[in-house]
Amino acid sequence: MQQEIDVDIRPVYPISWRASALNGLLRGTTKPISALLLRHDVGMTLLSRLLALGERIPIPAPSHVSIVKEDAGRCSSEWVRAGDDLDESKVLLYFHGGAYFFCSPATHRPITWRLSAAARRPVLAVDYRQGPVHSLSESLADALDAYLGLLDRGYAPSDILLAGDSAGGHLTLATLLSLRDRGLPLPSAAICLSPWADLSDVRRSVNRWLDPMLPASRVDWLARRWTSGLDCRDPLVSPVFGDYTGLPPLMVVTGSTEVLRDEGRRVALRARDAGVKVTYEEWNRMPHVFAILADVVPEARLVFGHIQRFLDAVAASEPDPGSVPAGDRGPAPAGQGSDSAAA
């Protein structure tokens, strides 16, 4: 089953009119607004408050989806279940995106309930602390606490998945690296949707003009803002510089025209070089974290089928629990795959 995990996939399809229209809408609204406001903390706070107003509007979910709030520790979270036939002995821990200063589990329900269905297990979405009040280290501390809390509840590491998008993808990678460095048991796999993985001082040039949503200069500004006083090439700050030896299988999903595309590519290549099985998917002309648009964009719905196939392949490749000691996870064999899939 290794070949089904360690593979590059670039789905070939005619882009839908909904995706084309949405790209145009994002280019005319989100991108210029971000370019205008993300220049100082006042503008960032204003943008955060404007977006917080939208969080008060309930995001509809199918009738079979249940959402239960939970307050534990320093931050709250919510359990998302897509149906009653899930395996309650397993869980997916999700970290939402939002550039480390906005969004919440509520804004990302279009992703989390579909992940629950794809993974056939409940999803625990964490409302971790964010800037500008809190630091990257505090966000990471909340992520680690959430994972360790699941272990304390009796979940086996092999029954836990990690996932996140954008800044949440950054947090997913940093959590994996931190767990490994501390000698703690690792989850069975991780999924990163458009991860923001490079917060170093390198100026972004790839897709600078093609990205319909993110202004590259403002991403650069945010990276400088969050890494002030830090070593921006520390792997927990910029996971593209990490050593991925010993980490579990990884799935990275990007859009071909987004400004963060190459960060996802670099993570995939670096992980493979360290012997990690990686599924890297690059979707034609899809915007940043397009999976969150699944209610309106058909391509965004299709990606969850790809995620399910990845998770099925991971499960099929896992050794018999009776033949390998629990918690034993050495480096996986290196591999380099290439593929294309019709969506």
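Hey, among Val259, Val253, Val296, which residue is over 24 Å from Leu186 (Cβ atoms), touching a His at 6+ places or on another chain (Cβ under 9 Å) and of a type outside the set (Phe, Trp, Tyr)?
Step by step, each of Val259, Val253, Val296 is checked, and only Val259 is over 24 Å from Leu186 (Cβ atoms), touching a His at 6+ places or on another chain (Cβ under 9 Å) and of a type outside the set (Phe, Trp, Tyr).
Filter the stretch 254-280 for residues that are surrounded by fewer than 24 Cβ atoms within 10 Å (Cβ to Cβ) and closer than 22 Å to Leu22 by Cα and give the result.
Across the stretch 254-280, the qualifying residues are Ser256, Thr257, Arg261.
Could you list, in sequence order, all residues of the stretch 234-250 that are under 18 Å from Arg265 (Cβ atoms) and surrounded by fewer than 17 Cβ atoms within 10 Å (Cβ to Cβ)?
Residues of the stretch 234-250 that are under 18 Å from Arg265 (Cβ atoms), as a first pass: 235, 238-244, 247, 249-250.
Selection gives Asp243 alone.
Give me the residue from the stretch 67-94 that is of a type in the set (Gly, Ala, Ser) and assigned to a strand (DSSP E or B) and, out of that set, surrounded by the fewest Cβ atoms within 10 Å (Cβ to Cβ). Break it down into steps so the answer makes sense when it comes.
Looking only at the stretch 67-94, we keep the residues that are of a type in the set (Gly, Ala, Ser), and these are 72-73, 76-77, 82-83, 89.
Filter once more, keeping what is assigned to a strand (DSSP E or B): 72, 76-77, 82.
Working: Ala72: 10, Ser76: 15, Ser77: 23, Ala82: 23.
Here the answer is Ala72.
Looking at Glu88, Glu78, which one is under 30 Å from Trp226 (Cα atoms), of a type in the set (Asp, Glu) and touching a residue at least 12 places away in the same chain (Cβ under 8 Å)?
The match here is Glu78.
Could you go through the stretch 176-197 and let me know if any residue there is of a type outside the set (Phe, Trp, Tyr), part of a loop (DSSP other than H, G, I, E, B), farther than 30 Å from Glu318 by Cα and at pLDDT 95 or above.
no
Any idea how many residues of the stretch 119-164 are of a type in the set (A, V, I, L, M, F, W, C) and either under 15 Å from the mean Cα position of the chain (by Cα) or buried (at least 20 other Cβ atoms within 10 Å of the Cβ) (or both)?
Just the residues of the stretch 119-164 that are of a type in the set (A, V, I, L, M, F, W, C), to begin with: 119, 123-126, 133, 136, 140-141, 143-144, 146, 148, 150-151, 156, 160-163.
From the residues that got through so far, the ones that are either under 15 Å from the mean Cα position of the chain (by Cα) or buried (at least 20 other Cβ atoms within 10 Å of the Cβ) (or both) too are 119, 123-126, 136, 140, 143, 146, 160-163.
Total satisfying the criteria: 13.
Go through the stretch 1-33 and give me each residue that's more than 23 Å from Ile292 (Cβ to Cβ) and in a loop (DSSP other than H, G, I, E, B).
Correct list: Met1, Asp6.
For the stretch 241-283, give me each residue that is acidic (Asp, Glu) and within 17 Å of the chain's Cα centre (by Cα).
Of the residues in the stretch 241-283, the ones acidic (Asp, Glu) are 243, 258, 262-263, 273, 281-282.
Correct list: Glu258, Asp262, Glu263, Glu281, Glu282.
Does the stretch 216-274 hold any residues that are of a type in the set (Gly, Ala, Ser), over 21 Å from Ala99 (Cβ atoms) and either outside any loop (DSSP other than H, G, I, E, B) or without any contact (Cβ under 8 Å) to a residue 24 or more places away in the chain (or both), and which are they?
Listed by number, the residues that qualify are Ala268, Ala271.
The values are calculated or read from the model by the stated rules, or taken from the named source; none is laboratory data. Keep in mind that what you see is a predicted model, and the values were worked out from it rather than measured. Glycine gets a Cβ as well: all are built from the backbone with ideal geometry, and neighbour counts include every protein chain shown.
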